[in-house]
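To keep things clear, I will list the structure first and then write my remarks on it.
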Amino acid sequence: MISVSEALDACFALISPLNSEVVDLKDAAGRTLITPHAAARNQPPFAASAMDGYALKSVELQPQAQFMVVGESAAGARYTGKVRAGQCVRIFTGAPLPEGCDHVIIQEDTTRQGNVITLNTEIEDKANIRPAGNDFEAGFAMEGPRVLTPGDIALLAAMNQPKVTVTRKPVIAIMATGDELVQPGETPNEDQIIASNGYGLKALLEANGAEVRLLPIARDTESSLRQGFELCAGADLIVTLGGASVGDHDLVRPVATSMGMEPAFYKVAMRPGKPLMAGKIGDTPMIGLPGNPVSSMVCAQIFILPMLRHMLGFNAEPMARKTAPLTEDLRSNGPREHYMRASLQDGKLTVHKRQDSSLLSVYAGANALVVVPPFIDLQLAGTPVEYIDI
Ligand SMILES: Nc1nc2c(c(=O)[nH]1)N[C@H]1C(S)=C(S)[C@@H](COP(=O)(O)OP(=O)(O)OC[C@H]3O[C@@H](n4cnc5c(N)ncnc54)[C@H](O)[C@@H]3O)O[C@H]1N2
Ligand code: MOO
């Protein structure tokens, strides 16, 4: 059995970053920006008022001073005239500052009668001006690779980028296998259960930038599995669920092999996830996840998410690990790296008591996987341990 890090390296060797495509900015949230996008001009492009009030010269600013209002500067229509001594310009938020003015007094600090304003006895000395380029200057660039957030989308819009270059979405075909499975909503017979893994996986992978094709459930026969693999044509990655172990009905590996799969590895020293397999069928990488629901989800977190990120253009790196102390003692570990379902609360990790890989109720209630190295001794409460956010 190989280690998790050796297996992950072998997974990275199966894939490469995908090409890019140009999409409308309004459809780009969650996509991975891949080339630098630069602003062609300053924002704001001119010194602008930050408040509604009157633009004037700061040297003339003093309580109870009076000014003649000689014009107006609105957002989208600047005042183009001169502003002489004792004069001011009515100005609104976002409007260009008239030439010669360097201060905006908010209207709450003034009283207006006709075309004359009188400053209050108490006035703020804040200039209320946003200099040109205050937010960003011409040439400011957003660099890739970067998963675009709503804030990024707003910033790119402000940068006048109506289209952006993003990595093509990796297409991942997911094939659940097993005679015991029916789809949610169907009526199982007494020996059947509901297929859950594909649904969890689809949610996980789509939330991380993939386009997922959830195939019909393949039955535990060679012909059904073959048919399933044929339906995967065109995918960037094939993921099978279940049928990976050594039972008489675990046919994924033999069928994939008979279809020309070049194996990269089979079996990893991890728990859950031991019967994980990977390889290539033709040009298409394939990962065979173990069927136990938590094994599927954990293997997807540890292997498929980093692969997905690499296909999107990020470095080939394992999931980021953080450190936090244990709330309780943690038993010693055997030869497999253990990814234990845990809850991180108030900066401390409580490892769940029940760790069987069939327990989705425990997995769904967890927000962290504590990574327990092989052969480690008992770890006492308070010991800092590594974990991965899930
Ligand atoms: N003699 C041995 N038996 C097993 C070993 C072993 O080393 N020697 N390994 C165990 C481990 S560890 C795992 S993990 C499982 C994985 O086996 P398979 O990948 O062959 O998975 P299945 O047998 O098909 O299913 C296991 C379990 O999960 C349920 N399942 C499968 N697919 C789904 C799905 N899409 N949604 C929900 N549940 C699913 C299936 O009904 C089984 O209950 O093998 C151990 N055995
Ligand atoms: O490795 Mo299995 O995935 O322990 O349940």
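Each value in this text was obtained by applying a stated rule to the coordinates, not by laboratory testing. Here the structure is a predicted model, which is why all the values come from computation and not from measurement. Backbone-built Cβ (ideal geometry, glycine too); neighbour counts: all protein chains shown.
Tabulated values for the structure
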| quantity | calculated |
| --- | --- |
| Per residue, the convex hull volume that the Cα atoms of region 142-217 enclose (Å³) | 108 |
| Options 364, 264, 242, ranked by Cα towards positive dipole end of the chain, top entry (Cβ charges) | 264 |
| Residues 363, 199 arranged by fewest to most Cβ contacts within 10 Å | 199, 363 |
| Global size of the chain as Cα Rg and Dmax, reported in angstrom | 30.7, 95 |
| D (Stokes-Einstein, µm²/s), Kirkwood Cα radius, region 1-78, 1.567 mPa s at 4 °C | 65 |
| DSSP beta bridges in the chain [antiparallel fraction, %, rounded to 5] | 70 |
| Zero-based 5 Å bins, Cα pair distances in region 322-389, whole percents | 4, 19, 31, 27, 16, 3, 0 |
| Residues residue 108 and residue 16, FRET efficiency given R0 of 51 Å [Cβ-Cβ distance, rounded to 0.05] | 0.25 |
| J(HN,Hα) series, region 310-321, from Karplus relation 6.51 cos²θ - 1.76 cosθ + 1.60, nearest Hz, glycine and proline x | 5, 4, 7, x, 7, 4, 6, 9, x, 4, 5, 10 |
| The chain, relative contact order in percent, only Cα pairs under 8 angstrom and at least six apart counted | 16 |
| Helix-only CD estimate at 222 nm, as mean residue ellipticity for the chain, using -39500 (n - 2.57) per DSSP H run (n ≥ 4) | -4500 deg cm²/dmol |
| FRET E, pair residue 77, residue 323, Förster distance 45 Å, beta-carbon r, rounded to 0.05 | 0.20 |
| Amide H within-cut-off set for residue 91, under 5 Å, with H built and near neighbours excluded | 53, 54, 55, 73 |
| Percentage relative contact order, region 48-130, counting C-alpha pairs under 8 Å, at least six apart | 41 |
| Cut-off 15 Å, label 7 Å out along Cα→Cβ of residue 23, residues of region 205-225 by amide N | 205-213 |
| DSSP beta bridges in region 322-389 [antiparallel fraction, %, rounded to 5] | 95 |
| Value of relative contact order over region 154-254, rounded to a whole percent, pairs C-alpha under 8 Å and six or more apart | 34 |
| Rg over Rh [alpha-carbon atoms, Kirkwood Rh] for region 48-130 | 0.91 |
| Spatially proximal lysines relative to residue 57 (Cα-Cα < 17 Å; intrachain offsets below 8 disregarded) | 82, 126 |
| Taking 298, 23, 4 and counting other C-beta atoms within 10 Å, the order from fewest to most | 23, 4, 298 |
